[in-house]
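All remarks here apply to the structure that follows.
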Amino acid sequence: MLWFSLIAGLVFGSVSAGSMIKLEAPSPRQKREAMAAAFLERFVTGFVIGPVARGLDANGLLIGALLGLALSVPAALMARVYVPIIALGTIGGLAVGLAYVLVY
């Protein structure tokens, strides 16, 4: 389970940070900070989906979607960019949940 969680977190975090490469930012420092924050947020989301689904003995797709959505809302509120952040979190959570269902 630990390996699954680490890989899921790294992949989800990398996809999220990678999606921000072409975005404009007021300064290079702010862009690095935003990308690091996005990576860490998505890493944690991807990391916890499998253990939570296993611990609750629940469907990984449901847990992935719920955690992806719930953990995306604070960042969306702070950034005032709602649809892309919440959509990526929910879709990514579903993808990690599906991977969990297929592996376990």
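Listed by first and then second residue, the pairs linking a residue in region 71-88 that is more than 17 Å from residue 45 (Cα to Cα) to a residue that is modelled with pLDDT of 95 or more, with Cβ atoms under 6 Å apart and 6 or more places separating them unless they lie on different chains, are 82/76. In the set 102, 94, 67, 61, only one residue is surrounded by fewer than 18 Cβ atoms within 10 Å (Cβ to Cβ) and either basic (Lys, Arg) or in a helix (DSSP H, G or I) (or both); that residue is 102. If only residues of region 14-45 that are open to solvent by less than 50 Å² (accessible area, probe 1.4 Å) and among the hydroxyl-bearing types (Ser, Thr, Tyr) are counted, the one that is farthest from residue 69 (Cα to Cα) is 27.
Considering only region 76-84, I want to know if a residue exists there that is hydrophobic (A, V, I, L, M, F, W, C), part of a helix (DSSP H, G or I) and surrounded by 14 or more Cβ atoms within 10 Å (Cβ to Cβ). For region 76-84, residues hydrophobic (A, V, I, L, M, F, W, C), part of a helix (DSSP H, G or I) and surrounded by 14 or more Cβ atoms within 10 Å (Cβ to Cβ): present.
Taking residue 29, is it in contact (Cβ under 8 Å) with a residue 40 or more places away in the chain and in a helix (DSSP H, G or I)?
no
The values are calculated or read from the model by the stated rules, or taken from the named source; none is laboratory data. This one's a predicted model, so the numbers in the text were calculated from it and none came from an experiment. Note that we place each Cβ from the backbone using ideal geometry, even for glycine, and neighbour counts take in every protein chain shown. Surface accessibility is based on the protein's heavy atoms, side chains included, excluding ligands, DNA and RNA. Shrake-Rupley method; radii C 1.70, N 1.55, O 1.52, S 1.80 Å.
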